[in-house]
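Below: the structure, in structure tokens.
The values are calculated or read from the model by the stated rules, or taken from the named source; none is laboratory data. Since this is a predicted model, take the numbers as computed values, not measurements. Remember, those area values only see protein heavy atoms, side chains included, never the ligands or the DNA or RNA. Shrake-Rupley method; radii C 1.70, N 1.55, O 1.52, S 1.80 Å.
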Amino acid sequence: MKIDVKTYLRMNGLTIYEVAKRSGYGYTTLHKSFNKAQTSATPINIRDLDALAQAQHQAMWEVLKDLETHYMN
């Protein structure tokens with residue numbers, strides 16, 4: 001099972017640049033992470049989850065719940 005981060009961004013009206021700016025994480029770091037091929041061992045990391053949560057002023061568990069409910073392949 002893989003998390004479709006790109007669709008999550010699009011459906012929530014976000015870009016990688018906006019997430020980087022709002023969260024304080026580097027654009028290049030997030031860009032590489034969101035665009036890398038996921039494996040079953042590393043579908044999403046804590047930094048990415050934290051960045052998405054900060055960008056939307058949510059708790060990480062809320063973002064994770066949304067990702068697991070609607071964006072898993």
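Using the Karplus relation 6.51 cos²θ - 1.76 cosθ + 1.60 with θ = phi - 60°, the per-residue 3J(HN,Hα) values for the stretch 58-68 come to 10, 7, 4, 5, 5, 5, 4, 4, 5, 4, 5 Hz, with x marking Gly and Pro.
Placing D48, D4 in order of accessible area, with the largest value first and a 1.4 Å probe, yields D4, D48. Amide H to amide H distances under 5 Å link I3 with N73, where only residues 5 or more positions off or on other chains count and H is placed in the peptide plane. Available extension along the chain between T39 and R10 is 8.3 nm, counting 0.36 nm per residue and deducting the alpha carbon span. Taking H31, H57, H70 and ordering them by how much accessible surface each has at a 1.4 Å probe, largest first, produces H57, H70, H31.
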